[in-house]
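**Q** Questions regarding the structure given below will be posed in turn.
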Amino acid sequence: MIGRIVIDDVRPRTPTRAYPAKAVVGETVTISADVFKDGHDILAARVLWRPTGKPQWNEAPLAVENAGLDRWAGTIVPTTLGRHELVVEAWTDRYATWRHKAEAKLGAGQDIATELEEGALLLEARAADDEQLAEVAKILRDDKLTPHERLAPALTPDVERLLQGAPADQGEIAASEAVPLWVDRERALFSAWYEFFPRSEGGLQGARNRLPAIADMGFDVVYFPPIHPIGRQYRKGPNNTLTATEDDPGSPWAIGGPEGGHTAIHPELGTFTDFEDLVLKANELGLEIALDYALQCSPDHPWVTEHPEWFHHRPDGTIAYAENPPKKYQDIYPVNFWPAGDADRKALWTACKDILDFWIAKGVRIFRVDNPHTKPMAFWEWIIPAVQATNPDVLFLAEAFTRPKVMAKLAEVGFTQSYTYFTWRTKRDEIVEYVEEVALGEKADYMRPNFWPNTPDILAGPLRNGPVSAFKLRAVLAATLAPSYGVYSGYELLENEPMSDTNEEYFHSEKYEVRRRNWDDPRSIAGCLTQLNAIRHRHPALQRLRNVRFHASTNDNVLAYSKVSDDGADVVLVIVNLDPWSAAESTLNLDLPALGLPWDAPFEAYDELSHQSFTWQGPEPYVRLDPHHDVAHVLHLRPLS
């Protein structure tokens, strides 16, 4: 039976409630629920939370957030990694209910003799050895005093404090079902990724030498495409051609050769000693190495001969290569994650987990997962918790450029972060709509976006044959709209030539050939990326997802949005010209209360990019951004004393 007190829609949660919502250590997490009861009694509520399996509960109060909708909310701050559980409890606040009734009747000039006695009984029941409550109960019964004099001592803050809290009788407390919450380390929410191919730097030793420059730019995560042996059969040549010469390196995603498979390193890249040195160097620089977890094989992978039952077969008995019509990947065999026999499936899945365990033992704690939407949800539902059960600090980024519900489901079953549609959102209205969906909607409870302006597969939007301003404005958007973002190397060098007018691939894609770059090119915008990453680290407001708020603009090419830190002390307003070719001017309409700023007093707007300081007053400042000079303002807003 449903109880008299109803507790519904506890958040954060996943759509099915079967999987945990997500938070990070030190993050202020809002807990909310619908709480109501028949009649006019006043309720109290709280949230209890703890690491799963621990005996001790933590407690935080909930307060009415929206009385008309019976929505209650409060905050918690998790301090430990791993799976947690939380429960919302509510009960009739007998003291508050009695107080409201007594004050209302007294204010209306009605007799409150009954209420005075009820108050005395209430205090006596909670008094125990508390002399103060016992004395107040006596005053409530002292008929020599006026009703106001008898009531007043029972309404003091001290008495209210003594009577707060849940009743001792558990039968008076309503509780929600336990809601799971997974708590990651901070990097799961706040990170800046830099992707590059070690082979273009001369192998693992060259990649190691490149790390200081990447650290100097302020990135946190260095992501490598697969570093494993590459198959020879059907190897792809430049621009994905079917004819490869002896010197063509092939696609790193065609994994496996005579030298080994997913637990081997391509001999042309180096040795495991080189890899260990690289990881150590990264750690010294405050960087983490993320590896590609691509569960597919070249025709030369050892699994092809050792476990042919792990692959899809055509009617003629040959193994089927990967296809996404009209695209064909003759150099890649997709794995059949659901072979006919249970034993075969168990062996395959265990082998896939063994790959992760192998690289975790080598010091890797972050994996970028290639095309997870082409593998069964049940596989990810099993393998991610299985890994995190012993390594709760391991993070998984889903390369899931797929349908929205599939992308969301991957996040629900366990992926730490996800690539997003940001790459294709270029207009103001579509950016606002999409960011509000992933940052303020229910998906934000469990799906963390990672914004990438480009990838080795995708050269889109204004970057295609675009000017330097296009690269700068997209970097500003990615770095400040989401707490996690990334770029693929060459971004700072303004690489902008697409394969064709209709193909989003890069011309002379690095996926199929080695690319040597001049990192000292004077056109480089490495300084812009460095500046953005430094701003992100200085401003706690930019390190959170759910705090983004958009502000009105009179120009569709001008996007304005703000972020405020959990404690309200750090306020950042970002204004971006979305047109990389032309100057744009606009009058904004700022929601000053949401920024913690007064309507009628001046405040400082300090531009972290140009280092200019403006004094503004009121909600309608004028801005003008010329992309040949300034594509954006990243403003630190502060009241003037």
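**Q** With an 8 Å cut-off on Cα pairs and a minimum separation of 6 or more residues, tell me the relative contact order of the chain in percent.
**A** Values: 1301 pairs, mean separation 66.0, N = 641.
Relative contact order, the chain: 10 percent.
**Q** Also, quick follow-up: Give me the number: length gained by fully extending His629 to Arg516, i.e. 0.36 nm times residue separation minus the C-alpha to C-alpha distance, one decimal in nm. If you can, show how the numbers build up before the last one.
**A** On the way: separation 113, 0.36 × 113 = 40.68 nm, distance 2.97 nm.
Fully extending the segment from His629 to Arg516 adds 37.7 nm.
**Q** Could you estimate the translational diffusion coefficient of the range 512-641 from the Stokes-Einstein equation, with Rh from the Kirkwood formula over C-alpha pairs, at 25 °C and 0.890 mPa s, in whole µm²/s? List each step's numbers first, then the result.
**A** On the way: Rh = 15.9 Å.
In µm²/s, the coefficient is 154.
**Q** Name the aspartates and glutamates eligible as straight-distance cross-link partners of Lys138: C-alpha to C-alpha under 15 Å, and not fewer than 8 places from it in the same chain.
**A** The qualifying aspartates and glutamates are Glu115, Glu117, Glu118, Glu124, Asp129, Asp130, Glu149.
**Q** Where the accessible area of the range 289-436 is counted over protein heavy atoms with a 1.4 Å probe, how much of it, in %, is carbon and sulfur? Mind dumping the intermediate values first?
**A** Details: 3290 of 6090 Å².
Ligands and nucleic acids excluded, carbon and sulfur reach 54 percent.
**Q** Could you tell me how many degrees, from 0 to 90 and to the nearest 10, lie between the Cα long axis of helix 131-140 and the main elongation axis, the longest principal axis, of the Cα atoms of the chain?
**A** That works out to roughly 50 degrees.
**Q** Using alpha carbon centroids, what distance separates the range 1-53 and the range 113-170, in Å?
**A** Their Cα centres are 31 Å away from one another.
**Q** Probe of 1.4 angstrom, ligands and nucleic acids ignored: what's the accessible area per residue over the range 373-444, in square angstrom?
**A** Working: 2720 Å² over 72 residues.
About 38 Å² of surface per residue is accessible.
**Q** Still on this structure, please answer the following. May I have the convex hull volume per residue, in Å³, for the Cα set of the range 38-90?
**A** Details: hull volume 5.0 nm³, N = 53.
Once divided by residue count, the hull of the range 38-90 is 95 Å³.
**Q** Largest first and to the nearest Å, give the Cα extent of the range 350-437 along each principal axis.
**A** Result for the range 350-437: principal-axis Cα extents of 45, 25, 18 Å.
**Q** Counting each DSSP H run of 4 or more residues in the chain as -39500 (n - 2.57), what helix-only mean residue ellipticity at 222 nm follows after dividing by all residues, to the nearest 500 deg cm²/dmol? Don't jump to the answer; show the numbers that get you there.
**A** Working: 14 runs with 163 residues, N = 641.
Only helices count here, giving -8000 deg cm²/dmol.
**Q** What is the set of long-range amide H partners of Gly486 at a cut-off below 5 Å, with H atoms built 1.01 Å from backbone N?
**A** Hits under the 5 Å cutoff: Trp193, Phe451, Trp452.
**Q** Additional query: Compute the length gained on full extension between Leu145 and Arg538: take 0.36 nm times their separation in residues and subtract their Cα-Cα distance, giving the result in nm to one decimal. Show your work: numbers first, answer last.
**A** On the way: separation 393, 0.36 × 393 = 141.48 nm, distance 6.09 nm.
Gain in length upon complete extension: 135.4 nm.
**Q** Shifting gears a bit: How high is the relative contact order of the range 433-525, in percent, with contacts defined as C-alpha pairs under 8 Å that are six or more residues apart?
**A** Numbers: 97 pairs, mean separation 27.8, N = 93.
Taking the mean separation of contacting Cα pairs over the length of the range 433-525, I get 30 percent.
**Q** Compute the accessible area per residue over the range 113-225, keeping the other protein chains in place, probe 1.4 Å, unit Å². Could the numbers behind the result be given before it?
**A** Values: 5120 Å² over 113 residues.
Computed with neighbouring chains in place, this is 45 Å² per residue.
**Q** Also: Could you state the accessible area per residue of the range 1-112 in Å², with a 1.4 Å probe and every protein chain left in place?
**A** Details: 5750 Å² over 112 residues.
Heavy-atom SASA per residue in the range 1-112 reads 51 Å².
**Q** A follow-up question, please. First obtain the Kirkwood hydrodynamic radius of the chain from its Cα pairs, then insert it into the Stokes-Einstein equation at 4 °C and 1.567 mPa s, and state the resulting D in µm² per second as a whole number. Mind showing how you got there, number by number?
**A** Working: Rh = 28.0 Å.
Once the numbers are plugged in, D ends up at 46 µm²/s.
**Q** Using each residue's phi in the range 448-456, evaluate 6.51 cos²θ - 1.76 cosθ + 1.60 at θ = phi - 60° and report the 3J(HN,Hα) Karplus result to the nearest Hz, with x for Gly and Pro.
**A** Running phi through 6.51 cos²θ - 1.76 cosθ + 1.60 with θ = phi - 60° gives 9, x, 10, 8, 10, x, 8, 9, x Hz.
**Q** Continuing with the same structure: Rounding to the nearest 10 and keeping the result within 0 to 90°, find how far the Cα-based axis of helix 342-361 lies from the longest principal axis of the chain.
**A** Helix 342-361 sits at roughly 90 degrees to that axis.
**Q** Starting at the first residue of the range 594-601, write each ³J(HN,Hα) from the Karplus equation 6.51 cos²θ - 1.76 cosθ + 1.60 with θ = phi - 60°, in whole Hz, x for Gly and Pro.
**A** 5, 8, x, 10, x, 5, 10, 10
**Q** Using a Cα-Cα cut-off of under 22 Å, which lysines could be cross-linked to Lys37, ignoring same-chain neighbours fewer than 8 residues away?
**A** Partners found: Lys101.
**Q** Count the lysine pairs in the range 338-409 whose Cα atoms lie under 22 Å apart, taking only pairs 8 or more positions apart in sequence or on different chains. Mind showing how you got there, number by number?
**A** Values: Lys346/Lys375; Lys353/Lys362; Lys353/Lys375; Lys353/Lys409; Lys375/Lys405; Lys375/Lys409.
Close lysine pairs under the 22 Å cut-off: 6.
**Q** In the range 46-132, carbon and sulfur make up what percent of the accessible area (probe 1.4 Å)?
**A** Values: 2400 of 4800 Å².
Of all accessible area on the range 46-132, carbon and sulfur atoms account for 50 percent.
**Q** Also, quick follow-up: Quick one, can you get me the convex hull of the C-alpha atoms of the range 41-149 expressed as volume per residue in Å³?
**A** On the way: hull volume 15.6 nm³, N = 109.
Dividing the Cα hull volume of the range 41-149 by its residue count gives 143 Å³.
**Q** Which is the longest run of the chain containing none of the GluC sites (Glu not before Pro) found in DSSP loop states (not H, G, I, E, B) with at most 11 other C-beta atoms within 10 Å? Don't jump to the answer; show the numbers that get you there.
**A** Values: sites that count: Glu177, Glu246.
No qualifying site falls inside 247-641, the longest such stretch.
**Q** Starting at the first residue of the range 425-442, write each ³J(HN,Hα) from the Karplus equation 6.51 cos²θ - 1.76 cosθ + 1.60 with θ = phi - 60°, in whole Hz, x for Gly and Pro.
**A** Residue by residue, the range 425-442 yields 9, 10, 8, 4, 5, 6, 5, 4, 4, 6, 5, 5, 5, 8, 10, 10, x, 5 Hz.
**Q** Non-local amide H neighbours of Ser418 (under 5 Å, H modeled in plane, Pro and chain starts lacking H): which ones?
**A** Ala398, Arg448, Asn450
**Q** Can you send over the carbon and sulfur percentage of the accessible area for the range 549-640, probe radius 1.4 Å, protein chains only? Can you show the working numbers first?
**A** On the way: 1930 of 4120 Å².
Looking at the range 549-640 in its full context, I get 47 percent from C and S.
**Q** To continue, here is another question. What is the set of long-range amide H partners of Glu85 at a cut-off below 5 Å, with H atoms built 1.01 Å from backbone N?
**A** Answer set, sorted by chain and number: Arg50, Thr52, Leu181.
**Q** Let me ask another. Give or take rounding to whole Å, what are the principal axis extents of the alpha carbon atoms in the range 271-374, in descending order?
**A** 53, 34, 26
**Q** Give the lysines reachable from Lys54 as a straight Cα distance under 21 Å; neighbours fewer than 8 places away on the same chain don't count.
**A** In chain and number order, the partners are Lys22.
The values are calculated or read from the model by the stated rules, or taken from the named source; none is laboratory data. These figures come from a predicted structure and were not determined experimentally. Note: ideal-geometry Cβ built from the backbone for every residue, glycine included; neighbour counts use all protein chains shown. Note: areas computed on protein heavy atoms with side chains; ligands, DNA, RNA excluded. Shrake-Rupley method; radii C 1.70, N 1.55, O 1.52, S 1.80 Å.
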